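Here's the structure we're looking at; comments come further down.
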Amino acid sequence: PRVCVVGSGPAGFYTAQHILKHHGGAQVDIYEKLPVPFGLVRFGVAPDHPEVKNVINTFTQTARSERCAYYGNVTVGRDITVPELQQAYHAVVLSYGAEDNRVLGIPGENLSGVYSARAFVGWYNGLPENRDLKPDLSCETALILGHGNVALDIARILLSPLQLLRKTDITDSSLAALACSKVKRVWLVGRRGPLQVAFTIKELREMINLPGARAVLDPADFTGLENTVKDAPRPRKRLTELMIKTALEKPVEKPVKVQATAGQAAAPREWGLKFQRSPQEVLPTPDGRRARGIRMALTRLEGSGDSARAIPTGDVEELECGLVLSSIGYRSLPLDPAVPFDTQRGVIPNSSGRVEGVPGLYCSGWVKRGPTGVIITTMNDSFDTAQSVLEDLQGGVLDMSPSREGFGAVESILRSRGVRPVSFSDWEKIDAAEVARGKAAGKPREKIVDPAEMLRLIGH
């Protein structure tokens, strides 16, 4: 059987890995729109979390298997359609993730100084489409809307000492911009309360222990929570206890002597969590061009636990900030008119990864279940889809009688459209160049951010 996977992030690679492992004869081709593989492992994981990127080693082993091939620089839905892939393969799995972000839908959202978390993360991680973002970091206060791990990642990158970031694979240009940044205070704002935050304890602890930055949590936000959280699941209980402990700790006073000598430079950077506030409007500067602050509706919670809803109370509050980052979630987009898509939920309708009403078509990862969870969640989800493909291959659900040509058929279509795919060994040349450039700068790698430069490097 010839199987093709669209998307080379964790969902695509884990799906391919599982099929290759459990079917001794399957041939899997992976298509990716960028020249370079690995999706959000390369472009989403924070530069100062290199251990999370170790899964790349497993993915590389999969790509080097003789029954697997990688074709980068091919945009499915434009360079080749899904029906054309279905003609060439016995099964097609869509694992292309979530390439858009949810919008706030409030006035002022398009002012200068307002960015999506997705674009900001893409900028410091070298995602080609965000390489020219040039975020304005000339203000003292930044506000991040959202209480997830991505929001904490951004806060950490904004407040980290430069010497920590210099040793990571953060891009050269974003490092230069952060070196000139005036941001010294970051607020993370959420519509709901401390019991509904979506970040995990590891990320919170890292933020609390960040050198040169002080946590500002209001003890009043946590009144009575110790009792409420007694019977909560252990991860939620530990997370809440850590927030309470941090809120109640007295800040360590620095000796006056030191402060006087160091002048204003000693003023620590700080960050804090604000709860039960929902953004209403980004407020413009007098010339109407830039963000100068944000108006928020104060909310009260109805219900409890994860299902609690934030209801505006009628009171509002304004907060000054020159940088607004919206971290309220990613969103999948439809890829091809031939593929059913639920625009409401931003997913392809499916059961166990089988696309509804289209035999032989499957999906895995965020486009299957929505943009939530970490790499391990995606792994399990992709194994589940791969299992569906294997069952359908073994149970005779898929029509195996016609010999499908796989890439042979696709290659001639691509050639006729002037598209030249990038192979995995091409990627390894780009990889080697990045590592060499990084070595010269004392970093694990210096990412190439321009696809044209990547293609020149491999002689395309």
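The values are calculated or read from the model by the stated rules, or taken from the named source; none is laboratory data. Just so we're clear, the structure is a prediction, and the values are computed from it rather than from any experiment. Quick reminder, even Gly has a Cβ in these numbers, built from the backbone with ideal geometry, and neighbours come from all protein chains shown. We work out accessible area using only protein heavy atoms, side chains counted, and drop any ligands, DNA or RNA first. Shrake-Rupley method; radii C 1.70, N 1.55, O 1.52, S 1.80 Å.
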The lone condition ALA151 fails out of (1) of a type in the set (Gly, Ala, Ser); (2) open to solvent by less than 10 Å² (accessible area, probe 1.4 Å); (3) part of a loop (DSSP other than H, G, I, E, B) is (3)
For the range 280-328, give me each residue that is assigned to a loop (DSSP other than H, G, I, E, B) and either over 30 Å from ARG236 (Cα atoms) or open to solvent by less than 10 Å² (accessible area, probe 1.4 Å) (or both). THR285, PRO286, ASP287, GLY288, ARG289, ALA308, CYS321, GLY322
Select from the range 128-143 the residues that are aliphatic (A, V, I, L, M) and in contact (Cβ under 8 Å) with a residue 60 or more places away in the chain and write down the one among them that is surrounded by the fewest Cβ atoms within 10 Å (Cβ to Cβ). LEU137
Look at the range 103-114 and say how many of its residues are of a type in the set (D, E, K, R) and open to solvent by less than 30 Å² (accessible area, probe 1.4 Å). 0
Only one of ALA91, ALA98, ALA117 is crowded, with 21+ Cβ neighbours inside 10 Å and over 20 Å from the mean Cα position of the chain (by Cα). Can you tell me which? ALA91
Flagged in the range 87-135 as within 23 Å of GLU446 (Cα to Cα) and in a loop (DSSP other than H, G, I, E, B), in numbering order, are ASN125, GLY126, LEU127, ARG131, ASP132, LEU133, LYS134, PRO135
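Residues are listed down the side, and each one gets a yes or a no for (1) under 30 Å from VAL150 (Cβ atoms); (2) in contact with a strand residue (DSSP E or B) (Cβ under 9 Å, 6 or more places away or on another chain); (3) in a loop (DSSP other than H, G, I, E, B):
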{"site": "GLU51", "(1), (2), (3)": "yes, no, no"}
{"site": "ILE56", "(1), (2), (3)": "yes, no, no"}
{"site": "TYR70", "(1), (2), (3)": "yes, yes, no"}
{"site": "VAL74", "(1), (2), (3)": "yes, yes, yes"}
{"site": "LEU85", "(1), (2), (3)": "no, yes, no"}
Identify the single condition in (1) under 17 Å from GLY148 (Cβ atoms); (2) surrounded by fewer than 19 Cβ atoms within 10 Å (Cβ to Cβ); (3) of a type in the set (A, V, I, L, M, F, W, C) that VAL216 does not satisfy, given that it satisfies every other one. (1)
Determine, yes or no, whether ALA232 is open to solvent by less than 60 Å² (accessible area, probe 1.4 Å), outside the structural domain of VAL74 (by the TED database) and modelled with pLDDT under 90. no
If a residue counts only when it is under 17 Å from LEU137 (Cβ atoms), which helices (runs of 4 or more DSSP H) contained entirely in the range 154-226 have at least 1 such residues? 162-165, 172-179
(1) within 15 Å of LEU94 (Cβ to Cβ); (2) in a helix (DSSP H, G or I); (3) open to solvent by 50 Å² or more (accessible area, probe 1.4 Å) all hold for PRO334 apart from (2)
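This table checks each residue for (1) open to solvent by 30 Å² or more (accessible area, probe 1.4 Å); (2) under 21 Å from ARG166 (Cβ atoms); (3) in a helix (DSSP H, G or I).
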site	(1), (2), (3)
ILE413	yes, no, yes
ARG420	yes, no, no
SER425	yes, no, yes
LYS429	yes, no, yes
LYS439	yes, yes, yes
GLY442	yes, yes, no
LYS447	no, yes, no
GLU453	yes, no, yes
Could you grab the pairs with beta carbons closer than 6 Å, sequence gap of 6+ or different chains, first residue in the range 403-426 and farther than 11 Å from LEU85 by Cβ, second one hydroxyl-bearing (Ser, Thr, Tyr)? PRO421/TYR71; PHE424/TYR70
